[in-house]
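Undergrad: First the structure, which I've put down as structure tokens, then a few questions once you've had a look.
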Amino acid sequence: MPDIASQSSTRELAQRRRDLSPSAEVAFQNFSQTVFADGALSAKVKQIIAVTVAHVTQCPYCIKGHTKVALRHGASQEELMEAIWVAAEMRAGAAYAHSVLAIEEMKDEEGRDKKPGTAAGV
């Protein structure tokens with residue numbers, strides 16, 4: 001299996017994407033420009049958020065691209081690393097929070113095992 005992180009988009013591939021669906025490409029580019037424009041949040045803050053989200057979604061292309069753009073918008077390396085730590089906490093926190101689902105299942109299965117007619121209760 002090829003390493004996706006080592007693959008990069010080329011001008012030819014980007015053009016092919018545009019050629020295959022030009023109206024969607026234009027719409028997406030317009031949407032992206034609108035989303036990342038200065039507003040209530042600065043473009044810099046939005047790019048830092050994008051770096052964080054890219055780490056949570058684990059998209060290597062987004063990580064590389066938004067890190068580069070965030071730096072160009074004035075984000076410091078320290079700001080980006082703090083944002084990456086936020087992403088790490090959110091992924092770990094999600095696993096921790098969702099552990100209650102497994103605990104509930106364990107509890108349910110434990111109760112089933114003790115009932116007559118179940119495999120453990122026979």
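Undergrad: Go through the residues of the stretch 100-118 one by one and say whether even a single one is of a type in the set (Lys, Arg), surrounded by 12 or more Cβ atoms within 10 Å (Cβ to Cβ) and modelled with pLDDT of 95 or more.
TA: no
Undergrad: Based on this model, can you work out whether His55 counts as within 11 Å of the chain's Cα centre (by Cα) and within 25 Å of Thr10 (Cα to Cα)?
TA: yes
The values are calculated or read from the model by the stated rules, or taken from the named source; none is laboratory data. Owing to the predicted nature of the structure, the values given are computational and were not obtained by experimental measurement. Glycine also receives a Cβ, built like all others from the backbone with ideal geometry; neighbour counts cover every protein chain displayed.
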